[in-house]
Amino acid sequence: MNYITLLSTAVRFIDLHDSDREYGGAPSFTRETRSGKSDGVYLNIAILVLECLRKLDQSSHQEYMSFNSILNVVKIDRPDVDENDVLYVLNVLRRPSELFYLKPSPDASKLIRQSEKRKTAIVEKTESAGEYRLSQSGRLFFSLVNAARDAVYIRGDAYNLLHAIEGYDFPNIIAYSNEIVGRLRNEILDIRSALERIGRSESIDKYIGKFDQYRKVVDETILIVQKAERQLDNPETFEVFSNSDIDISFEGLCASVNRVRQVLIPFNRLISELVSTALHDRRNVAPPPQFLKAAIHFVKNPLSPNREDFLLNQWGAVGLDTPFHSALDGKAAVKIKPEPVKSQSMVFDGEQIEPISRLGKLHFLDRHGAAIAEALSRAPLSLSEAIDNGWIMVDEHSFIGDLVGIFIAPDVLPVNGDIHIRISPSLNTKKIGDDDFLFNDIEIGITGGTNE
């Protein structure tokens, strides 16, 4: 079950609930501070306890389980667990949480502050004996976890949509349609992300392993949705809808159902494209930019000053204001109408390329390129290590953007062998001068070389 996705989402809402930020203050949320061990032990015990109580809840009718029975189940996975630790976790799970939120008033004229406390305990305990069971909120927790499924199960949701139409349950028709469309769009985003990667990955292998199942599910789901559309077009359905007092239009109802099929078709196409690309092991992303080639190009074909200023402000890596983009992301995206100028024949002097090209990024390479390449030839090199070595300063000026550019496109380094790039999933912080930088660390290494 996908506990972590649900828990991480809930934690962010708790961060907002507990935030002491002043209204109108700075918008940044740089780092979170949480007390405790942060080793995941108590969370693991809690999941084992909840799984144990869930199995009991499914096999009996709201029966209780003794503490000793729960402890024995936990010890199967954690033989060295202390019973006081399990008891502590149970006490945390059975304690209600007082949360405050805003809810519209009955006449929807204003928002009223509400609080839920008694309903938020996940586990219930008997007063006299040390016995426990899942509460109503605990059962809802598992319902929410089970909702985090992939698109291979949308066929059942499509049947729910069809049954809602056949039963004239008009509010749930929109709910089921939105649920299917939302799940498919999430999958489409994952597929598009996988298409942008190079080589095989875990997400690509998932679609390859279940490709036949996905194709079958999508084809059958399209047939079910088409049947649902025909049922919705039935005059009897329209007559029942007209006699109801539901606050939606029939056109909106039909559009929500039609949208399901409209999303299924590109989903099916993208899965086929992803699997075909992966099986051919084809590179499907834009190559990294070549700094030397770009420098020579702009020396031969200089940009107008207003276009150059706009591009540097919009895409320049020095300010670290935007994510790192593909070389083709901005193609034809910037449209500037420059002032009409008189055409002049350009004279290009090849002897001036070398001194001019030593400006900017090539000046940075001249200063630190050899040292970076030497360190890389010995062992993999991370961005944080390069910052610690002082390879961001050139003549009292910070070249952090150029250093980051080296790690994003290391082809310019004079090393033998292919260079691989690894990006750390965790955030790192560095203080450079008076500025604090928060970033994902990047590591480069030579494939097949001495540091592999």
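Observations on the model:
- When GLU354 is tested against the conditions (1) modelled with pLDDT of 75 or more; (2) part of a helix (DSSP H, G or I); (3) acidic (Asp, Glu), the lone failure is (1).
- Filtered residue count, the range 98-112, keeping only those that are exposed (fewer than 14 other Cβ atoms within 10 Å of the Cβ) and either at pLDDT 90 or above or within 27 Å of THR126 (Cα to Cα) (or both): 1
- Pairing each residue of the range 239-264 that is of a type in the set (A, V, I, L, M) with any residue that is not in a helix (DSSP H, G or I), provided the two are 6+ apart or on different chains, yields C-beta distances under 7 Å for VAL240/TYR168.
- Set TYR42, TYR23, TYR3: member being at pLDDT 70 or above and aromatic (Phe, Trp, Tyr): TYR42
- Criterion violated by ALA379 - all others in (1) modelled with pLDDT of 75 or more; (2) aliphatic (A, V, I, L, M); (3) within 27 Å of PHE310 (Cβ to Cβ) satisfied: (3)
- Highlighted here are the helices (runs of 4 or more DSSP H) found entirely within the range 171-263 that include at least 3 residues which are in the same structural domain as ASP157 (by TED's automatic domain parsing) and modelled with pLDDT of 85 or more: 211-232, 235-243.
- Subset tally (residues that are buried (at least 17 other Cβ atoms within 10 Å of the Cβ) and under 33 Å from the mean Cα position of the chain (by Cα)) for the range 55-84: 1
- Looking only at the range 126-137, and only at residues there that are farther than 20 Å from LEU43 by Cβ and of a type outside the set (Ser, Thr, Tyr), the one that is surrounded by the fewest Cβ atoms within 10 Å (Cβ to Cβ): GLU127
- Residues that are part of a loop (DSSP other than H, G, I, E, B) and either under 16 Å from GLU385 (Cβ atoms) or under 28 Å from the mean Cα position of the chain (by Cα) (or both) within the range 416-452 comprise just one, ASN451.
- One residue stands out among those in the range 371-402 that are assigned to a strand (DSSP E or B) and in contact with an Asp or Glu (Cβ under 8 Å, 6 or more places away or on another chain): the one that is farthest from GLY445 (Cα to Cα), which is SER382.
- Filter result for SER60 (assigned by TED's automatic domain parsing to the domain that holds THR120, over 25 Å from GLU127 (Cβ atoms), at pLDDT below 85 and of a type in the set (Gly, Ala, Ser)): no
- Figure legend. Inter-residue proximity from the range 413-438: first residues over 30 Å from LYS293 (Cβ atoms), second residues surrounded by 12 or more Cβ atoms within 10 Å (Cβ to Cβ) and of a type in the set (D, E, K, R), beta-carbon distance below 8 Å, spacing 6+ or different chains. Indicated pairs: SER426/ASP441; ASN428/ASP441; ASP436/LYS430.
- Residue-level check: of (1) within 20 Å of SER135 (Cα to Cα); (2) assigned to a helix (DSSP H, G or I), ASN84 misses just (1).
The values are calculated or read from the model by the stated rules, or taken from the named source; none is laboratory data. All values reported here derive from a predicted model rather than from experimental measurement. Positions of Cβ are generated from backbone atoms using ideal geometry, with glycine treated the same way; all protein chains shown enter the neighbour counts.
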